[in-house]
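Here's the structure we're looking at; comments come further down.
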Amino acid sequence: MIYPKSIASLIEQFQKFPSVGPKSAQRMAFQVLKMPLSEVEKFANSIVEAKKNTCTCEICFNISTESPCEICKSTGRNRSVICVVSETKDLIAIEKTNEYKGLYHVLQGLISPMDGIGAGDIRIKELLTRLTDNDVCEIILALSPSVEGEATSMYLTKLIKPFGIKISRIAFGLPVGADLEYADEVTLAKAIEGRHEL
């Protein structure tokens, strides 16, 4: 079936989202068509408002409504520690724990030669500029244990070592409540590697 131009265009727009294939895009488009016009307008306005009212923090590159962001402006944060994350969603996940009270640096991606993303395409240069501040004593790498995350972590470690700043990495391993028999080998290896004395 050939869709009317307006529906085909809507499907095409949904396909621009990561991990959304033709079938998922089609389902989303038809869901929008089922919604009352007032809900569709509210949905469209939310997208426009989010785009208009957000910016990137000039210091840490977090997505925020102001620059510098709330975290960078806060006087209650530990300014001697910077946690390096790939995306803002990772920063939010760490903030939800209420355990970390330092600053952040959002790389806005990971090194991925397969996808044509090199060190110059993410916010590494800006991180190194921040390290010239004498207050920074530790960098925590909170990057995923994927091939891209590992490559980025190794690259950053090589660049940061000459600054004489402590570099640590978040532990990886088994989630709370998981059964050992269902864990994959890489997860188990990371859990053993990241063990600590009791």
>> Based on this model, can you work out whether residue 92 counts as among the hydrophobic types (A, V, I, L, M, F, W, C) and within 14 Å of residue 63 (Cα to Cα)?
In response: yes
>> Could you check segment 69-83 and list, in sequence order, the residues that are surrounded by fewer than 15 Cβ atoms within 10 Å (Cβ to Cβ), touching a strand residue (DSSP E or B) at 6+ places or on another chain (Cβ under 9 Å) and part of a helix (DSSP H, G or I)?
In response: 70
>> Please determine whether any residue of segment 147-155 is part of a loop (DSSP other than H, G, I, E, B) and either within 22 Å of residue 186 (Cβ to Cβ) or among the hydrophobic types (A, V, I, L, M, F, W, C) (or both).
In response: no
> What about residue 111, is it of a type in the set (Val, Ile, Thr), buried (at least 17 other Cβ atoms within 10 Å of the Cβ) and under 26 Å from residue 52 (Cα atoms)?
Replying inline: no
> What number of residues in segment 159-198 are among the charged types (D, E, K, R), closer than 22 Å to residue 90 by Cβ and open to solvent by 90 Å² or more (accessible area, probe 1.4 Å)?
Replying inline: 2
>> Looking at segment 114-129 only, could you name the residues that are assigned to a helix (DSSP H, G or I), of a type outside the set (A, V, I, L, M, F, W, C) and either over 19 Å from the mean Cα position of the chain (by Cα) or surrounded by fewer than 16 Cβ atoms within 10 Å (Cβ to Cβ) (or both)?
In response: 115, 120, 121, 125, 129
> For the subset of segment 60-83 comprising residues that are of a type in the set (D, E, K, R) and free of Cβ contacts under 8 Å to residues at least 24 places away in the same chain, which member is nearest to residue 144 (Cα to Cα)?
Replying inline: 70
> How many residues are open to solvent by 70 Å² or more (accessible area, probe 1.4 Å) and farther than 20 Å from residue 133 by Cβ when one looks only at segment 49-68?
Replying inline: 6
> For segment 169-180, how many residues are at pLDDT 75 or above and either assigned to a helix (DSSP H, G or I) or touching a strand residue (DSSP E or B) at 6+ places or on another chain (Cβ under 8 Å) (or both)?
Replying inline: 2
>> Can you tell me which condition residue 86 does not meet? The list is (1) without any contact (Cβ under 8 Å) to a residue 60 or more places away in the chain; (2) open to solvent by less than 50 Å² (accessible area, probe 1.4 Å), and all the others hold.
In response: (1)
> Taking into account only those residues within segment 98-116 that are in contact with a helix residue (DSSP H, G or I) (Cβ under 8 Å, 6 or more places away or on another chain), of a type in the set (A, V, I, L, M, F, W, C) and under 13 Å from residue 151 (Cβ atoms), which is modelled with the highest pLDDT?
Replying inline: 107
> What do you reckon, is residue 42 in a helix (DSSP H, G or I), free of Cβ contacts under 8 Å to residues at least 12 places away in the same chain and within 30 Å of residue 128 (Cα to Cα)?
Replying inline: no
> Of all residues in segment 1-50, how many are of a type in the set (Phe, Trp, Tyr) and more than 30 Å from residue 64 (Cβ to Cβ)?
Replying inline: 2
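The values are calculated or read from the model by the stated rules, or taken from the named source; none is laboratory data. Bear in mind that the values here come from a model prediction, so they are computed numbers and not experimental data. Counting neighbours? That spans all protein chains shown, and the Cβs are built from the backbone with ideal geometry, glycine included. These area figures cover heavy atoms from the full protein model, side chains too; ligands, DNA and RNA do not enter into them. Shrake-Rupley method; radii C 1.70, N 1.55, O 1.52, S 1.80 Å.
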